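Chemist: What follows is a structure written as structure tokens; I'll ask about it next.
The values are calculated or read from the model by the stated rules, or taken from the named source; none is laboratory data. The structure presented is a predicted model; accordingly, all values stated were derived computationally and were not measured. We place every Cβ from the backbone using ideal geometry, glycine too, and count neighbours over all the protein chains shown. Surface areas here come from the heavy atoms of the whole protein model, side chains and all, with no ligands, DNA or RNA. Shrake-Rupley method; radii C 1.70, N 1.55, O 1.52, S 1.80 Å.
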Amino acid sequence: MCMYDKTACYLLAIPLLLFPGAIPAEQAPPPATLEAGMVNPGYVEKPDWFVNSFLDIREDVSEAAAAGRRVLLYFYQDGCPYCKKLLDTNLALKDTESRMREKFAVIAINMWGDREVTGFDGGLTTEKDFAKSLRVMFTPTLLFLDEAGNVVLRVNGYYPPHKFNAALEYAAGHDGRDPDFRTWYASVAPEPASGVLHRDPAWLSPHADLAARSGGRPLLVMFEQQDCAPCDELHLDILKRAESRKQLERFDVVLLDMWSQEPVARPDGRRSSVAGWARELNLQYAPSLVFFDAKGNEVFRTEAWLRSFHIQSAMDYVASGSYLEQPAFQRYLSARADALEAQGIHVDLLD
């Protein structure tokens, strides 16, 4: 979380002066140093589904309410590592992005910007003066507004995915008073992600030359991140199942940290950082499973929260070569489900 010095991280908690209707979120002192591996970035592109607003906040609130959503004001600044982490880590999770898009109209406001803003009182100001009037002291700061433009939750700084998702759930359906977020969060107590990458000793090393494989098997590259509950679910549940292990044995497998700057020898013979490769592949979510044939050509990928049948079917789709004959994966899924049911094997799509 970064204060007015655009390259320095804020070291002290500051009392907040909120406008009427605001309810402060749980406060915790910002970290004195960056987390391991984090750097001060420059400009970070915002997701294209953020609202392209004229920054008339009252009008934005009204339009969002008419669409059954609430407004989320996202205050950021260039060079803020925690803004980058929010966008890269939290919004790389499919369920988080889906929840935000469904429930909120997200409006990005540069705390140093000069764009004209029509504030809550109808007066004209600039982004930086608007942020200053709301005592935005560090970034990211998120203000969740209800249908009347009152603040139901203020998030000062970065929340890890499990707590951020809880904040989204709370802000989508509460008024900020009874219960307040602190009380509600204590009753929900979501579990954090494990914070580890679940590599298997039987898989290829992340430093392996992926273009020099032998044996003619297809390659499965798992692009993941450490703070990722869906990644935990994939490895601690789905891939531990007997059918999943059977399918995995048909592949060369490697697990990569999608944000790592470590070099990788790619299956096309090129070299880059893992993050650079993920960016070229336009990967948006964790986990993303990308399948390559024996010659190093990408043939299929999954980029969503999927349960065991779909993960197992994706592996079979590639390993069996069915993708060459049936380009529509959904039709392949239906045929595979029918075949399993005919063998007396019940298919539960949500198991």
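Chemist: Look through segment 66-84, keep the residues that are under 22 Å from LEU168 (Cα atoms), touching a residue at least 24 places away in the same chain (Cβ under 8 Å) and open to solvent by 40 Å² or more (accessible area, probe 1.4 Å), and return whichever of them is farthest from the chain's Cα centre (by Cα).
Modeler: It comes out as ALA67.
Chemist: Return the pair list, or none, for Cβ contacts closer than 6 Å from residues in segment 336-349 that are in a loop (DSSP other than H, G, I, E, B) to residues that are open to solvent by less than 80 Å² (accessible area, probe 1.4 Å) and not acidic (Asp, Glu), at least 6 apart or on different chains.
Modeler: Taking only residues 6 or more apart or on different chains, the pairs are VAL347/PHE309; VAL347/ALA337; VAL347/LEU340; LEU349/PHE309.
Chemist: In segment 215-233, how many residues are open to solvent by 10 Å² or more (accessible area, probe 1.4 Å), outside any loop (DSSP other than H, G, I, E, B) and touching a His at 6+ places or on another chain (Cβ under 9 Å)?
Modeler: So the count comes out to 2.
Chemist: May I ask you to list the residues in segment 278-319 that are of a type in the set (D, E, K, R), in a helix (DSSP H, G or I) and free of Cβ contacts under 8 Å to residues at least 24 places away in the same chain?
Modeler: Passing the criteria: ARG279, GLU280.
Chemist: Kindly list the number of the only condition in (1) of a type outside the set (Ser, Thr, Tyr); (2) surrounded by 18 or more Cβ atoms within 10 Å (Cβ to Cβ); (3) farther than 30 Å from GLY296 by Cα; (4) out of contact with any helix residue (DSSP H, G or I) (no Cβ under 6 Å at 6 or more places or on another chain) that fails for LEU204.
Modeler: It fails just one condition, (3).
Chemist: So, one more: Restricting to segment 281-301, count the residues that are within 18 Å of the chain's Cα centre (by Cα) and open to solvent by 10 Å² or more (accessible area, probe 1.4 Å).
Modeler: Summing the residues that are within 18 Å of the chain's Cα centre (by Cα) and open to solvent by 10 Å² or more (accessible area, probe 1.4 Å) in segment 281-301 gives 7.
Chemist: Considering ALA342, ALA294, ALA335, which residue is more than 30 Å from LEU87 (Cα to Cα) and touching a Gly at 6+ places or on another chain (Cβ under 9 Å)?
Modeler: Sole residue among the options that is more than 30 Å from LEU87 (Cα to Cα) and touching a Gly at 6+ places or on another chain (Cβ under 9 Å): ALA294.
Chemist: Identify the residue in segment 317-335 that is at pLDDT 95 or above and buried (at least 18 other Cβ atoms within 10 Å of the Cβ) and, among all such residues, is farthest from LEU236 (Cα to Cα).
Modeler: TYR323
Chemist: Just a yes or no: is a residue in segment 257-266 in contact with a Lys or Arg (Cβ under 8 Å, 6 or more places away or on another chain), not in a loop (DSSP other than H, G, I, E, B) and not hydrophobic (A, V, I, L, M, F, W, C)?
Modeler: Within segment 257-266 (the criterion being in contact with a Lys or Arg (Cβ under 8 Å, 6 or more places away or on another chain), not in a loop (DSSP other than H, G, I, E, B) and not hydrophobic (A, V, I, L, M, F, W, C)), the answer is yes, since at least one residue qualifies.
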